[in-house]
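Readers should treat all values here as calculations from the given coordinates under stated rules, not as data from a laboratory. None of the values given here were measured: they were computed from a predicted structure. Cβ placement follows ideal geometry from the backbone for every residue including glycine, while neighbour counts extend to all protein chains displayed.
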Amino acid sequence: MTTIVGITPESLSWRYYKMPYPLNFPVRRAVIDNIQFFRPIEKIKCCEFEAFFHFGFHCNGYDENRVVIKDSQKTQYSPMARVSIDEGGFWKLK
């Protein structure tokens, strides 16, 4: 799964990149601090491409400036404290 990020595409240095199987479509890719940013090169009407870039059916809403990152590259956060919720909907710290 990917996440759309609000970044100006012109601010990054993009290179051609062929996505590995099972995606198998070309994209523009930029890497900064081990985070990979992806941007479409051209409209490709296939469900993997549309899902990766969050376009609609048949690339509805296609935008060549859309930039996405993979969710697995986001920083993972863990809860600071565990919370329990009782039957009445009230919470308390464990």
Margin query: Can you compute the modelled spin-label distance between Thr8 and Leu23, with each label point 7 Å from Cα toward Cβ, in nm?
Written below: 2.5 nm
Next item on the list: Give, as ranges by residue number, the residues of the range 16-39 whose backbone N falls under 20 Å from the point 7 Å along Cα→Cβ of Asp63.
Entry: 27-30, 36-39
Note to self: Using a Cα-Cα cut-off of under 15 Å, which aspartates and glutamates could be cross-linked to Lys43, ignoring same-chain neighbours fewer than 8 residues away?
What the structure shows: Asp63, Glu64
